[in-house]
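Notes for the one structure printed next.
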Amino acid sequence: MTRKQLENQIKKTVAAQLGTELDLSRLDVTVPGDSRFGDYATNAAMVFAAQLGRPPREVAAELAEALQAAIDDIETAEVAGPGFINVTLSGRAMTQAAQAALGYRPELYRGQKVVAEYSDPNPFKPLHAGHLYTTLVGDTVARLLELAGADVVRVTYGGDVGLHVARAMWAIIRFLNGENPEAMAKVPAGERPQWLGQRYVEGTSAYEDDEAARAEIILMNKRVYELHASGDRDSPFAQLYWMGRTWSYDYFPEFYAQLGVRAFDRTIPESEVTPLGIQTVREQLKAGVYEESDGAVVFRGEQYGLHTRVFINSQGLPTYEAKDVGLLLTKWQDYAFDRSIVITANEQEQYMAVMLKSVEQFAPEPARRSRHLTHGTVKLAGGVKMSSRKGNIVGAFDILEAATAAARSIVPASTHETVLAAVKYAFLKQRIGGDIIYDPKESVSLEGSSGPYLQYAHARARSILAKSPAVDARQLVDLDAAERPVAAKIAEYADVVQRAAEELMPHHVAGYLYELAQVFNRFYESSRVIGDARQPQRLVLVGLYADVLAAGLGLLGIAASERL
């Protein structure tokens with residue numbers, strides 16, 4: 001029995017006992033922090049006592065008796081404190097809950113089409129730690145959606161037009177002493193992503209520090225849009241552009257493969273959606289959704305508690321806002337999604353709110369079905385912050401290299417699998433939204449809340465099973481005092497994935513896995529498994545523990561190691 005299932009049964013009992021006019025949404029069922037207070041606790045008596053005009057403990061005593069009589073799986077229901085009711089399940093119910101936890105699937109998104117957009121690296125720019133973070137988080141959010149029944153379309157979106165491209169192109173031409181595609185083609189294949197990233201840094205510095213260069217880059221930005229509009233692939237300028245774009249798009253799948261994340265179903269470049277965005281904004285300008293201001297086209301968000309943003313600038317070029325209008329409508333036209341999830345940095349929160357509010361005025365369904373998840377800045381322990389503008393960024397591979405060095409300082413033979421586990425868990429154990437402080441040494445520790453620690457915990461459980469005879473799961477029919485906390489924690493997995501999928505917050509899974517490993521370790525240190533009179537039952541419990549640990553790690557995209 002999951003927490004949610006128990007909650008539903010408690011609500012039925014409360015309604016039958018106290019009256020159906022009560023607002024049952026106020027009733028909570030929680031898991032106590034200490035198993036001495038039962039498996040679950042409910043505030044039912046406390047929230048309804050005032051409405052009934054009765055003392056909370058009196059109501060609690062009545063409900064405790066009713067719950068124990070009405071729900072077969074409850075062994076005891078006891079009043080505690082000011083009127084809480086602590087519920088303990090029967091041994092049979094707990095074993096069944098533990099055995100059923102692994103197969104639990106939330107039905108939250110059953111039959112829904114969900115477009116999940118994340119990662120979003122831009123051609124011509126370096127991959128920074130933010131790309132690493134949103135890729136890993138997005139991959140796990142997509143896995144949670146799929147677990148909960150959704151048909152997920154994984155999408156990544158990148159800026160192959162815009163000022164960042166113009167900055168890189170300006171620096172490329174300057175570096176090559178002219179529009180010289182033959183010279184650019186000589187850059188060794190293994191150096192191309194870094195070469196492009198360096199040109200971007202040079203172009204950005206020039207744009208910010210040199211007025212003449214800034215003017216040239218602004219003109220070059222227009223040339224890139226004109227190149228797309230004309231279909232030019234043959235001019236020297238076009239050859240430089242398409243070569244750099246191809247290098248980037250060839251590299252991104254290599255990046256994802258190294259991270260061990262699932263492949264994207266579709267990559268959508270800005271150039272693909274820009275025409276639709278411009279067309280739509282201009283059409284809605286005539287309809288009064290947008291308005292002209294000093295030669296630009298803007299949306300006035302103040303009437304909605306937001307702010308004004310430019311969608312087409314005074315040069316007639318689209319901003320990110322217009323492009324995102326085209327992106328949202330493209331996803332809507334192509335997938336008719338039930339939900340669209342977009343994961344970006346916090347700094348885009350207000351920008352996205354304005355864009356969605358503008359679309360809501362003429363296409364309410366895609367706007368209202370979209371949800372924007374935002375995250376903070378990725379920093380290395382010590383306060384280093386990323387900034388791709390001047391080149392002093394925390395790069396995606398800087399994080400991986402730091403993790404590799406830290407892991408090998410502990411275990412020289414540490415594998416890439418271990419490094420990925422360290423980084424993924426370090427990111428995913430933190431709630432999406434705040435800044436992420438990455439500490440390489442902490443992330444690879446085998447003694448704390450880390451990915452390698454959980455891999456080791458799984459491998460140790462598998463080693464116990466490998467040295468033991470096979471057992472029949474049906475042998476677990478009861479629990480002794482030492483076994484019950486492990487079974488209860490295993491059973492909690494169903495509630496954890498339910499909550500993680502509801503909130504789209506992977507940290508619930510990450511935190512639970514660490515707690516599960518700790519509960520098992522306390523059991524294993526104090527209770528013999530092999531050679532104990534209850535060996536068959538305890539081996540079943542070890543197997544359930546290992547299976548749930550592996551499943552949870554899999555949701556986080558972390559490989560469950562089989563050997564110590």
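Out of curiosity, is residue 340 more than 27 Å from residue 226 (Cβ to Cβ) and either free of Cβ contacts under 8 Å to residues at least 24 places away in the same chain or of a type in the set (S, T, N, Q) (or both)? Criteria met by residue 340. Please work out if residue 144 is modelled with pLDDT of 95 or more, under 14 Å from residue 248 (Cα atoms) and either among the β-branched types (Val, Ile, Thr) or not in a loop (DSSP other than H, G, I, E, B) (or both). No: the conditions fail for residue 144. From the list 322, 296, 287, exactly one residue is closer than 30 Å to residue 113 by Cα and not assigned by TED's automatic domain parsing to the domain that holds residue 501. Which is it? Just one listed residue meets the conditions, 322. Taking the stretch 350-386 as the range and being surrounded by fewer than 17 Cβ atoms within 10 Å (Cβ to Cβ), modelled with pLDDT under 95 and part of a loop (DSSP other than H, G, I, E, B) as the test, the residues that pass are 381, 382, 383. Among the residues here, residue 522 qualifies as surrounded by fewer than 16 Cβ atoms within 10 Å (Cβ to Cβ), basic (Lys, Arg) and either outside any loop (DSSP other than H, G, I, E, B) or more than 22 Å from the chain's Cα centre (by Cα) (or both). Scanning the stretch 206-259 for residues that are in a helix (DSSP H, G or I) and of a type in the set (Gly, Ala, Ser) yields 206, 212, 213, 215, 229, 230, 238, 244, 248, 257.
Taking the stretch 325-348, which residues are part of a helix (DSSP H, G or I) and more than 17 Å from residue 133 (Cα to Cα)?
Taking the stretch 325-348 first, the residues part of a helix (DSSP H, G or I) are 325-335, 346-348.
325, 326, 327, 328, 329, 330, 331, 332, 333, 334, 335, listed by residue number.
Among the residues of the stretch 454-469, is any surrounded by 17 or more Cβ atoms within 10 Å (Cβ to Cβ), hydroxyl-bearing (Ser, Thr, Tyr) and touching a Ser or Thr at 6+ places or on another chain (Cβ under 8 Å)? Looking for residues that are surrounded by 17 or more Cβ atoms within 10 Å (Cβ to Cβ), hydroxyl-bearing (Ser, Thr, Tyr) and touching a Ser or Thr at 6+ places or on another chain (Cβ under 8 Å), one finds at least one in the stretch 454-469, hence yes. Residue-level check: of (1) in the same structural domain as residue 236 (by TED's automatic domain parsing); (2) in contact with a Gly (Cβ under 9 Å, 6 or more places away or on another chain), residue 151 misses just (1).
Output the residues belonging to the stretch 127-136 that are in contact with a Pro (Cβ under 8 Å, 6 or more places away or on another chain) and farther than 22 Å from residue 371 by Cβ. Correct list: 127 only. So, in the stretch 309-324, of the ones that are in contact (Cβ under 8 Å) with a residue 40 or more places away in the chain and assigned to a loop (DSSP other than H, G, I, E, B), which residue ends up farthest from the chain's Cα centre (by Cα)? The extreme case among them is 315. The set of residues in the stretch 100-140 that are charged (D, E, K, R) and touching a strand residue (DSSP E or B) at 6+ places or on another chain (Cβ under 7 Å) comprises 113, 117, 120. When 144, 132, 108 are checked against the criterion of being closer than 21 Å to residue 194 by Cβ and either polar (S, T, N, Q) or under 18 Å from the mean Cα position of the chain (by Cα) (or both), 132 stands alone in meeting it. Residue pairs whose Cβ atoms lie under 6 Å apart, separated by 6 or more positions or on different chains, with the first residue in the stretch 421-435 and in contact (Cβ under 8 Å) with a residue 24 or more places away in the chain and under 14 Å from residue 376 (Cα atoms) and the second of a type in the set (Val, Ile, Thr) and in a loop (DSSP other than H, G, I, E, B), are 435/377. For residue 130, the conditions (1) modelled with pLDDT of 95 or more; (2) under 28 Å from residue 499 (Cα atoms); (3) not acidic (Asp, Glu) all hold with the exception of (1). The residues of the stretch 84-105 that are touching a residue at least 40 places away in the same chain (Cβ under 8 Å), under 27 Å from residue 65 (Cβ atoms) and either not hydrophobic (A, V, I, L, M, F, W, C) or not in a helix (DSSP H, G or I) (or both), listed by number, are 84, 85, 86, 87, 88, 89, 91, 92, 95, 96.
Condition check ((1) closer than 30 Å to residue 138 by Cα; (2) out of contact with any Ser or Thr (no Cβ under 9 Å at 6 or more places or on another chain)) across all residues:
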residue: 270; (1), (2): yes, yes
residue: 296; (1), (2): no, no
residue: 299; (1), (2): yes, no
residue: 328; (1), (2): yes, no
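Being within 19 Å of residue 92 (Cβ to Cβ), touching a strand residue (DSSP E or B) at 6+ places or on another chain (Cβ under 8 Å), at pLDDT below 95 and not hydroxyl-bearing (Ser, Thr, Tyr) is the requirement here; does residue 6 meet it?
Values: within 19 Å of residue 92 (Cβ to Cβ): yes; touching a strand residue (DSSP E or B) at 6+ places or on another chain (Cβ under 8 Å): yes; at pLDDT below 95: yes; not hydroxyl-bearing (Ser, Thr, Tyr): yes.
Considered against the rule, which asks whether it is within 19 Å of residue 92 (Cβ to Cβ), touching a strand residue (DSSP E or B) at 6+ places or on another chain (Cβ under 8 Å), at pLDDT below 95 and not hydroxyl-bearing (Ser, Thr, Tyr), residue 6 comes out as yes.
Every residue, every condition in (1) over 16 Å from residue 289 (Cα atoms); (2) touching a strand residue (DSSP E or B) at 6+ places or on another chain (Cβ under 6 Å); (3) not polar (S, T, N, Q), yes or no:
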{"position": "301", "(1), (2), (3)": "no, no, yes"}
{"position": "308", "(1), (2), (3)": "no, yes, no"}
{"position": "312", "(1), (2), (3)": "no, yes, yes"}
{"position": "318", "(1), (2), (3)": "yes, yes, yes"}
{"position": "325", "(1), (2), (3)": "no, no, yes"}
{"position": "331", "(1), (2), (3)": "yes, yes, yes"}
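Filtering the stretch 158-172 to residues that are β-branched (Val, Ile, Thr) and assigned to a helix (DSSP H, G or I) leaves 165, 172.
Output yes when any residue across the stretch 35-46 is of a type in the set (A, V, I, L, M), part of a helix (DSSP H, G or I), touching a Leu at 6+ places or on another chain (Cβ under 8 Å) and more than 30 Å from residue 475 (Cβ to Cβ), and no when none is.
Here is the first cut: in the stretch 35-46, the residues of a type in the set (A, V, I, L, M) are 41, 44-46.
Of the ones still in play, those that are also part of a helix (DSSP H, G or I) are 44-46.
Pick out the ones that are also touching a Leu at 6+ places or on another chain (Cβ under 8 Å) and you get 44-45.
Now narrow it down to the ones that are more than 30 Å from residue 475 (Cβ to Cβ): 44-45.
Within the stretch 35-46, one or more residues are of a type in the set (A, V, I, L, M), part of a helix (DSSP H, G or I), touching a Leu at 6+ places or on another chain (Cβ under 8 Å) and more than 30 Å from residue 475 (Cβ to Cβ).
Among the residues of this structure, residue 530 counts as one that is in a loop (DSSP other than H, G, I, E, B), in contact (Cβ under 8 Å) with a residue 60 or more places away in the chain and among the β-branched types (Val, Ile, Thr). Restricting the first member to the stretch 355-367 and to residues that are in contact (Cβ under 8 Å) with a residue 60 or more places away in the chain and in the same structural domain as residue 299 (by TED's automatic domain parsing), and the second to residues that are in a helix (DSSP H, G or I) and among the polar types (S, T, N, Q), the beta-carbon pairs closer than 7 Å and six or more apart or on different chains are 362/284. Determine whether the stretch 514-526 contains at least one residue that is in contact with a helix residue (DSSP H, G or I) (Cβ under 8 Å, 6 or more places away or on another chain), of a type in the set (D, E, K, R) and more than 23 Å from residue 475 (Cα to Cα). The answer is yes; a qualifying residue exists.
The values are calculated or read from the model by the stated rules, or taken from the named source; none is laboratory data. What you are looking at is a predicted structure, and each value in this text was computed from that prediction instead of being measured. Note that each Cβ is placed from the backbone with ideal geometry, even for glycine, and that neighbours are counted across all protein chains shown.
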